[in-house]
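Participant: Quick one: the structure is below, and I'll ask about it shortly.
The values are calculated or read from the model by the stated rules, or taken from the named source; none is laboratory data. Because the structure is predicted, anything quoted here is derived from the model rather than measured. Cβ placement follows ideal geometry from the backbone for every residue including glycine, while neighbour counts extend to all protein chains displayed. Side chains included, ligands, DNA and RNA excluded: accessible areas come from the protein's heavy atoms. Shrake-Rupley method; radii C 1.70, N 1.55, O 1.52, S 1.80 Å.
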Amino acid sequence: MDHSTGKPGFLRNVLVRLFLFCVVILGCRFAYVVTLKGETCDLGDFCFFSLPENLNVITSGVGQLTESVSAVMTTSEKSAPAKPKLPDLWTSPDFQKSARFYSSVFQDLVVDGFLSPNSKTLCVETPVGADVFALKEIGIADSVGIYKKGSKPLVITGKAVKQPFEDNTFDFIFSGAGMIDKSTKPGDFAAEICRTLKPEGFFVVHTTGSKDTYSFNSFLHLFNCCTLIKSRNIDGFDSNTIREIVMKKVVFGDVNVEEKVSSDSKNKCNVPDYKLKLIKKAEPLIKEEPKKPWITLKKNAQKIKYLSSMADISFKPRYVYVDVGARSYGSSIVSWFKKQYPKQNKTFEIYAIEADKTFHGQYEGKKGVTLLPYAAWVRNETLSFEINQDPGHKDVAKGRGMGRIQPVESSSNSASEVDLIQGFDFAEWLKSSVSERDYVVMKMDVEGTEFDLIPRLFETGAICLIDEVFLECHYNRWQKCCPGERSSKYEHTYGQCLDLFASLRESGVLVHQWW
């Protein structure tokens, strides 16, 4: 038997198996990089190798990048094997323009002492890493960027709101291109900056927002770990004016940008000047009692100057609407707040406080709305909830009159429908549910109980948590049915209501007369 043909066949089988083994290895590597790591394979030999992170880009002068960034060298010998070519992205005109801009920005920060060659630096939310490139180009070697999709070696996978780093890691953190303006969670964004920035480290941000004083201070309040160092307007690389803000992380104690929830001896909130100026721009209060209040107050509603129409509310960690005396879901929540209040495309958490069980079923399954089926009160106790049809009041929601609360022993009208309900300390609930940094809007229609609730809000300091109030004040107004006669349902006068509105505004609370 001739065995001469056996050897070539055996070698061929070995070579085929070796080739198939290599293909499997390459396939696994590709699947790992693209599928698991979520990164592109535009660097190195099929992502087996990446560019050295200690690259040194040779420039033609201080702050100027060369026409081509192909002149990249490492500390190794010139005779070393050729390195993988740079990505085409780095040679694009847009990338180089951005890198030149950031190079100029960072050199100014070096001169001012906020950045040094020894700084461990992070750039957050940087899609292509032009800012990281510029840092390395001016000699800040220990620099890295994060973005939801990494682009090594400049940018690794990570999110600004959930950074893949330990606490107190970086000496310098930068956020450019107005990326914080686009964040849907600015509070989480700020919290992560505070977590990973070292004490006495610097945070520099470029924002196209914070154009008015209200929004600028709202922005500063996000970073309760930092104190403001400087702020200036600069021309961006796309010719738009941007604001550059420099902050420093403090070591101990409170920061001056954090407002306290408190009231002074005159029951006034400690409100900064810029908020008081906004209140002065609000529509004037109706000084004289209207002869036809239903018509006058509804006309006045057309003149209301909403806070969110006078200022940018973008830089708030949360947006909350509290409807006290919400009644049906379709009344003030749908017909007014959802349709008419200028929300600047922000998503509000809605709390509906309604004691009348008749309306509770309407809130089932309503997304983004939390029903509190109790009565807002000054303490936690059982109350009587009295439904009494006002002779001059039109039927609402199935002909049911407006309800009001009284202490359980106080029900006086045997013809009224009275239910026992649970009242809760509204002021304490508010203090436990929102913070002074949140944007909080409140509508209150509680059938006279406002004269109990508002003083309680002042007493506890909870009133200082509310940015804007729409208050219906109930008084012994003229009855529609009976000319010359006032309703006996409410004991307060229009003058007392006016005093209540005036005291709120004088105390720094933007309040509107409601109906």
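Participant: Rounded to the nearest 10 Å², what accessible area does residue 474 show when all protein chains are kept and the probe is 1.4 Å?
Facilitator: 10 Å²
Participant: Of the accessible area of the stretch 87-247, with the probe set at 1.4 angstrom, what percent is carbon plus sulfur?
Facilitator: 48 percent
Participant: Rolling a 1.4 Å sphere over the protein heavy atoms, what is the accessible area per residue of the stretch 87-247, to the nearest Å²?
Facilitator: Heavy-atom SASA per residue in the stretch 87-247 reads 39 Å².
Participant: I would also like to ask the following. Roughly how many Å² is the accessible area per residue of the stretch 274-396, as a whole number, for a 1.4 Å probe?
Facilitator: Counting only protein heavy atoms, the per-residue value for the stretch 274-396 is 51 Å².
Participant: Which length gain, in nm to one decimal place, applies between residue 233 and residue 295 when the Cα-Cα distance is subtracted from 0.36 nm times their residue separation?
Facilitator: Additional length available on full extension: 17.6 nm.
Participant: While we're here: May I ask you to order 114-127, 359-372 by the average number of other C-beta atoms within 10 Å around their residues, highest value first? Working shown, then result.
Facilitator: On the way: 114-127: 20.6, 359-372: 14.4.
So the order, starting with the most tightly packed, is 114-127, 359-372.
Participant: Additional query: With a/c under 1.5 counting as rounded, go ahead and sort the stretch 87-247 into rounded, prolate or oblate using the C-alpha gyration tensor (a ≥ b ≥ c being the square roots of the eigenvalues; past the cut-off, prolate if a/b is larger than b/c, else oblate).
Facilitator: Numbers: a/c = 1.36, a/b = 1.20, b/c = 1.13.
Because its axes are fairly even, with a/c under 1.5, the stretch 87-247 counts as rounded.
Participant: If I model a spin label at residue 250 and residue 107 as a point 7 Å from the Cα along the Cα→Cβ vector, what separation in nanometres do I get?
Facilitator: Between residue 250 and residue 107, the simple spin-label model gives 3.5 nm.
Participant: Please go through the residue pairs 291/357; 148/198; 338/431; 277/366 and name each one whose alpha carbons sit more than 29 Å apart in this structure.
Facilitator: Exceeds cut-off: 291/357; 277/366.
Participant: May I ask for the net charge around residue 199, where only other residues with Cβ less than 11 Å from the Cβ of residue 199 are counted and Lys, Arg are +1 while Asp, Glu are -1?
Facilitator: Charge balance in the 11 Å sphere: 0.
Participant: Related question: Amide H of residue 326: which non-local residues (sequence gap of 5 or more, or other chain) have their own amide H closer than 5 Å, using H built in the peptide plane?
Facilitator: 353, 354
Participant: Of 120/159; 275/343; 182/230; 299/339, which pairs sit farther than 20 Å apart, going by alpha carbon to alpha carbon?
Facilitator: 182/230
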